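Single-structure report; data block below.
The values are calculated or read from the model by the stated rules, or taken from the named source; none is laboratory data. This structure is a prediction, so every number in the text was calculated from the model and none was measured. In this analysis, Cβ positions are derived from the backbone assuming ideal geometry, glycine residues included, and neighbour counts consider all displayed protein chains.
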């Protein structure tokens, strides 16, 4: 039981990674500019596109680090 509580605490620490993209996108003055351009796109647009991709990667990392391992240890009798 104590091991399960420690695992839950460790899993909750990974959830803090999800705050990074939120802060990056909510703080508009940090990216509300035209320069530097990348491929002809103003900074405002490619910065947001970058965070779409980065958020997907961060979400995947958090998912795999926090998903329960009990599903992988299910017995054969539970399968349908």
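Structure summary
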quantity: Residue 38 vs. criteria under 26 Å from residue 13 (Cα atoms) and out of contact with any strand residue (DSSP E or B) (no Cβ under 9 Å at 6 or more places or on another chain); calculated: no
quantity: Selected residue (criterion: farthest from residue 62 (Cα to Cα)) from residues of region 12-31 that are in contact (Cβ under 8 Å) with a residue 12 or more places away in the chain and more than 13 Å from the chain's Cα centre (by Cα); calculated: 31
quantity: Top-ranked residue in region 28-44 [being out of contact with any helix residue (DSSP H, G or I) (no Cβ under 7 Å at 6 or more places or on another chain) and not in a loop (DSSP other than H, G, I, E, B); ranked as surrounded by the most Cβ atoms within 10 Å (Cβ to Cβ)]; calculated: 43
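So that you can scan it fast, the table gives a plain yes or no per residue for (1) at pLDDT below 90; (2) on the phi < 0 side of the Ramachandran plot; (3) surrounded by 10 or more Cβ atoms within 10 Å (Cβ to Cβ):
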position	(1), (2), (3)
5	yes, yes, no
10	yes, yes, yes
19	no, yes, yes
24	no, yes, yes
46	no, yes, yes
51	no, yes, yes
62	no, yes, yes
68	yes, yes, yes
